[in-house]
Amino acid sequence: MSFRVDPTFRDALAASRRPLIGMWVCSGSPLVAEICAGSGLDWLLIDAEHSPNGLESLLAQLQAVRGHPVTPLVRPPIGDPVVIKQYLDLGAQNLLIPMVDTAEQAAAAVRAIEYPPRGIRGVGSALARGSRWNRVPDYLHTARETIALYLQIESAEAVADVEAIASTPGIDGIFIGPSDLAASMGVLGEQDHPEVVAAVEHCLRAAAAAGVKAGLNAFAPALARRYLTAGADFILVGADVQLLARGSERLAADYIEEAV
């Protein structure tokens with residue numbers, strides 16, 4: 001019996017007539033990931049850079065959301081080729097690589113997702129969920145078609161090189177991280193600073209000029225709508241842990257009176 005893998009985030013973006021709206025899944029919980037997957041949002045970012053996620057919890061979340069009408073992206077903690085190999089073998093088809101500052105780093109990420117001779121991905125498909133344990137026909141020669149690669153722009157250095165990064169052959173798009181970008185620009189915590197906003201919009205234009213998709217993180221509704229108007233193709237507008245934190249705080253504020 002042969003199997004096929006799911007459409008990629010690249011496919012979802014190409015098929016959509018509007019920007020794709022998503023949220024972070026940072027809890028490390030397959031149950032929470034499954035709840036979010038049924039929300040009606042377009043995509044989820046399952047994070048392992050700032051979240052308590054290892055290979056086992058990532059696998060469980062990918063299994064939990066499969067079959068729901070949502071596309072998962074996975075962010076590793078680092079763009080290390082060994083980590084990338086493990087994520088691909090787990091079946092993470094859509095990767096967001098953090099802290100890409102140069103075109104050289106972008107090219108290295110491309111090599112990490114491709115088998116030799118074009119890349120350096122280790123061959124372990126017979127052992128891997130990514131190939132459905134070699135049940136996907138001719139996986140070794142078609143694997144690249146099942147993978148989408150996005151690179152995170154989140155420093156002043158990356159913004160300065162964004163045209164070259166966005167033009168790197170083999171990438172599918174860029175994702176701007178305004179929080180780290182603001183810190184890099186000397187305005188920590190000020191994602192709405194005019195210079196940060198200008199840098200984000202510069203990156204959106206650079207991606208469009210290079211013919212690749214661009215997304216970003218924007219929890220503030222006014223900023224989110226501004227960036228969507230400016231041409232963002234995909235966006236994150238919330239997070240599971242953020243929604244739980246603020247929601248539980250509202251319950252406390254509504255029902256617990258201050259001590260007199």
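The values are calculated or read from the model by the stated rules, or taken from the named source; none is laboratory data. Here the structure is a predicted model, which means the values were calculated and not measured. Heads up, the Cβs are rebuilt from the backbone with ideal geometry, glycines too, and the neighbour counts pull from every protein chain shown.
Only residues that are assigned to a loop (DSSP other than H, G, I, E, B) and in contact with a Gly (Cβ under 9 Å, 6 or more places away or on another chain) were counted across region 7-16, and they come to 0. Out of Leu45, Leu95, Leu41, Leu88, one residue alone is under 19 Å from Val25 (Cα atoms), in a loop (DSSP other than H, G, I, E, B) and either among the hydrophobic types (A, V, I, L, M, F, W, C) or more than 15 Å from the chain's Cα centre (by Cα) (or both). It is Leu41. Given the conditions (1) buried (at least 20 other Cβ atoms within 10 Å of the Cβ); (2) in a loop (DSSP other than H, G, I, E, B); (3) touching a helix residue (DSSP H, G or I) at 6+ places or on another chain (Cβ under 7 Å), and given that His68 satisfies all but one, which numbered condition is not satisfied? Among (1) buried (at least 20 other Cβ atoms within 10 Å of the Cβ); (2) in a loop (DSSP other than H, G, I, E, B); (3) touching a helix residue (DSSP H, G or I) at 6+ places or on another chain (Cβ under 7 Å), the lone unmet condition for His68 is (1).
Looking at Asp138, is it more than 15 Å from the chain's Cα centre (by Cα), surrounded by fewer than 17 Cβ atoms within 10 Å (Cβ to Cβ) and of a type in the set (Asp, Glu)? Lay out the reasoning, then the answer.
Working: more than 15 Å from the chain's Cα centre (by Cα): yes; surrounded by fewer than 17 Cβ atoms within 10 Å (Cβ to Cβ): yes; of a type in the set (Asp, Glu): yes.
It is true that Asp138 is more than 15 Å from the chain's Cα centre (by Cα), surrounded by fewer than 17 Cβ atoms within 10 Å (Cβ to Cβ) and of a type in the set (Asp, Glu).
Within the set Ser248, Ser167, the sole residue that is over 28 Å from Ala109 (Cα atoms) and among the small types (Gly, Ala, Ser) turns out to be Ser248. When region 103-126 is limited to residues that are out of contact with any helix residue (DSSP H, G or I) (no Cβ under 7 Å at 6 or more places or on another chain), under 16 Å from Pro169 (Cβ atoms) and among the aliphatic types (A, V, I, L, M), the one that is surrounded by the fewest Cβ atoms within 10 Å (Cβ to Cβ) turns out to be Ala107.
Looking at region 75-84, can you tell me whether even one residue there is touching a residue at least 40 places away in the same chain (Cβ under 8 Å) and farther than 22 Å from Asn134 by Cα? Scanning region 75-84, I find at least one residue that is touching a residue at least 40 places away in the same chain (Cβ under 8 Å) and farther than 22 Å from Asn134 by Cα, so the answer is yes. Residue check: Gly22 meets all listed conditions (1) modelled with pLDDT of 95 or more; (2) more than 30 Å from Ala230 (Cβ to Cβ); (3) not acidic (Asp, Glu) but one, namely (2).
This table checks each residue for (1) buried (at least 16 other Cβ atoms within 10 Å of the Cβ); (2) in contact (Cβ under 8 Å) with a residue 40 or more places away in the chain; (3) assigned to a helix (DSSP H, G or I); (4) within 15 Å of the chain's Cα centre (by Cα).
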| site | (1), (2), (3), (4) |
| --- | --- |
| Arg4 | no, yes, no, no |
| Arg18 | no, no, no, no |
| Gly22 | yes, yes, no, yes |
| Val32 | yes, yes, yes, no |
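Please go through (1) in contact (Cβ under 8 Å) with a residue 24 or more places away in the chain; (2) closer than 26 Å to Thr229 by Cα; (3) among the small types (Gly, Ala, Ser) for Ala14 and return the number of the only condition it doesn't satisfy. So the condition that Ala14 fails would be (1).
For every residue, the table says whether it meets (1) under 23 Å from Cys26 (Cα atoms); (2) among the β-branched types (Val, Ile, Thr); (3) in contact with a strand residue (DSSP E or B) (Cβ under 8 Å, 6 or more places away or on another chain).
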site	(1), (2), (3)
Ala198	no, no, no
Cys203	no, no, yes
Val212	no, yes, yes
Leu216	yes, no, yes
Gly231	no, no, yes
Gly238	yes, no, yes
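For region 67-87, the set of residues classified as modelled with pLDDT of 95 or more and over 18 Å from Gly173 (Cα atoms) consists of His68, Pro69, Val70, Pro77, Asp80, Pro81, Val82, Val83, Lys85, Gln86, Tyr87, listed by residue number. Criterion applied to Arg129, Arg144 was being without any contact (Cβ under 8 Å) to a residue 40 or more places away in the chain, closer than 27 Å to Ala14 by Cβ, surrounded by fewer than 18 Cβ atoms within 10 Å (Cβ to Cβ) and not polar (S, T, N, Q), and the one residue passing it is Arg144.
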